[in-house]
1. Please give, to one decimal in nm, the separation of the simple spin-label points placed at ASN127 and VAL243, each 7 Å out from Cα toward the Cβ.
2. Mean separation of Cα pairs under 8 Å and 6+ residues apart, divided by the residue count of the chain: what relative contact order is that in percent?
3. Within segment 1-115, how many lysine pairs that are 8 or more places apart, or on different chains, have C-alpha atoms less than 16 Å apart?
4. log₁₀ I(q)/I(0) of segment 368-413 at q = 0.13, 0.14, 0.24 Å⁻¹, via Debye over equal Cα point scatterers, no solvent, to two decimals?
5. So, by mean Cβ neighbours within 10 angstrom, what's the order for 112-121, 260-269 with the highest one leading?
6. State the extension gain, in nm to one decimal, for the chain segment bounded by LYS92 and ARG171, taking 0.36 nm per residue of separation less the distance between their alpha-carbons.
7. At q = 0.13, 0.15 Å⁻¹, work out log10 I(q)/I(0) for segment 35-193 with the Debye formula, treating every Cα as an identical point scatterer and leaving solvent out; two decimals please.
8. Using 0.36 nm per residue of separation minus the Cα-Cα distance, give me the extension gain between THR99 and LYS191 in nm, one decimal.
Amino acid sequence: MVDSICIVEGEFYTRLLPLVYLRPEYDLRCGILTLREKILKRFPNLPVTLHCRGYLAELVKQQNPGLLINEIKGKSTLFINGRVLMDDKLSKTLMQGGTDSIFVKENSIIAANVSGSKLEELKKRINDLYKLSDFHDLFRNEVDAKLISYPWDLVSNNREQLINDYELLTREYNGNKLNGTIYEGAHLLDKNNIFIDEGTKIMPGAVLDAENGPIYIGKNAKIYSNSVIIGPVFIGNKSQIRVGAKIYENTSIGEVCKVGGEVEDSIIHSYSNKQHEGFLGHAYLGSWVNLGADTNNSDLKNNYGSIKVTINDEVIDSGLQFVGLTMGDHAKSSINSMFNTGTVVGVGSNIFGSGFPPKYVPSFSWGGGETLTTYNIERCLEVAKRVMARRSIQFTEIDEQLMRTVFALTGEERRKMGMPN
């Protein structure tokens with residue numbers, strides 16, 4: 001039996017940029033829970049180590065004061081790939097797989113159960129990014145598992161994960177699933193498939209339709225009048241769904257967001273706003289994003305063909321007919337902004353002006369379709385401080401240093417587009 005688990009980042013984290021510049025890959029959301037939370041729910045009684053890139057370590061320590069960061073204690077550790085979509089079947093397989101064995105799917109590492117001298121060797125390399133070759137001398141097991149490789153994988157798996165997470169979170173819940181205040185005139189379709197937590201308000205005229213998928217709403221949220229939510233959908237703690245909003249199926253909206261207009265098949269991580277009219281589809285927005293009024297993204301090409309996306313300076317054919325906007329943390333768009341299919345916008349960018357911006361916008365960009373230049377880092381930091389203060393969250397020295405580090409890390413991609421640093 002293992003006596004600890006270690007959730008690890010690997011060498012392929014770059015495929016999830018820009019969403020993981022300011023967080024480890026396992027802190028991305030898919031469904032109701034983050035990838036990390038799905039793992040911890042299945043291993044509730046084991047000490048946990050979070051492994052991450054070196055430049056993220058101080059932030060991860062700040063956010064997780066009770067956990068070991070890049071430090072492993074114990075004599076037998078289960079290493080788990082942070083990009084795994086953990087489920088009950090896989091967790092049982094990993095615990096029953098035996099000591100000193102590796103679990104793989106098509107040459108991708110899923111997990112590894114390690115002890116003895118091999119574990120001591122890996123402990124010494126905890127500040128590196130682990131590779132499959134680091135576990136080559138372990139007994140090999142092929143397993144059925146899902147890995148998140150690119151941002152659109154989070155979106156395309158969101159429906160299944162919403163349903164699975166809802167079942168996981170409610171199957172042992174013995175209390176009333178409809179809490180908070182549900183005003184007269186609100187309409188709940190298939191109430192048995194809806195969870196509403198304490199402090200939440202469902203206003204008159206709101207429609208929650210769970211006939212084709214569950215709806216999970218966290219604490220102290222507010223669903224305004226004449227808004228429509230069609231499951232499966234997740235609404236996080238303290239989030240607001242504005243008047244007349246249309247939240248279609250397969251959508252996750254994290255904590256402390258304000259969302260209006262039309263949204264479908266999308267993930268909004270947390271602390272982000274899309275308050276006004278405009279369409280968001282097959283998209284992933286990071287934290288502290290703000291979309292101006294009437295911002296729209298396309299998620300389908302006119303020829304209905306497969307959508308190609310630029311990730312980490314490489315053009316990838318997604319193989320999908322629907323891919324919308326991917327936007328990194330602290331990015332903003334002005335009113336009437338338009339984004340083409342498969343557009344990627346980096347961290348800390350400010351998009352404005354007429355026409356479509358490029359399909360790849362480097363981190364810390366300023367401008368849009370007509371011209372792009374570098375967003376001054378000092379101005380960007382000042383805005384981030386103001387935005388976070390409005391939510392009563394301190395922008396710490398660690399946050400500032402991390403933003404400056406990412407600004408330096410992304411300098412080359414701006415230079416390639418002729419932007420000054």
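1. 5.6
2. Across the chain, relative contact order equals 10 percent.
3. Total qualifying Lys-Lys pairs in segment 1-115 comes to 5.
4. Rounded to two decimals, the profile gives -0.36, -0.41, -0.90.
5. Highest to lowest by the protection proxy: 260-269, 112-121.
6. Once the chain is fully extended between LYS92 and ARG171, it gains 26.6 nm.
7. -0.73, -0.92
8. 28.6 nm
Where a number appears in this text, it was derived from the coordinates with a stated rule and is not lab data. For clarity, every value in this text was computed on a predicted model and none was experimentally measured. Here Cβ is always computed from backbone atoms with ideal geometry, including for glycine, and neighbour counts include all displayed protein chains.
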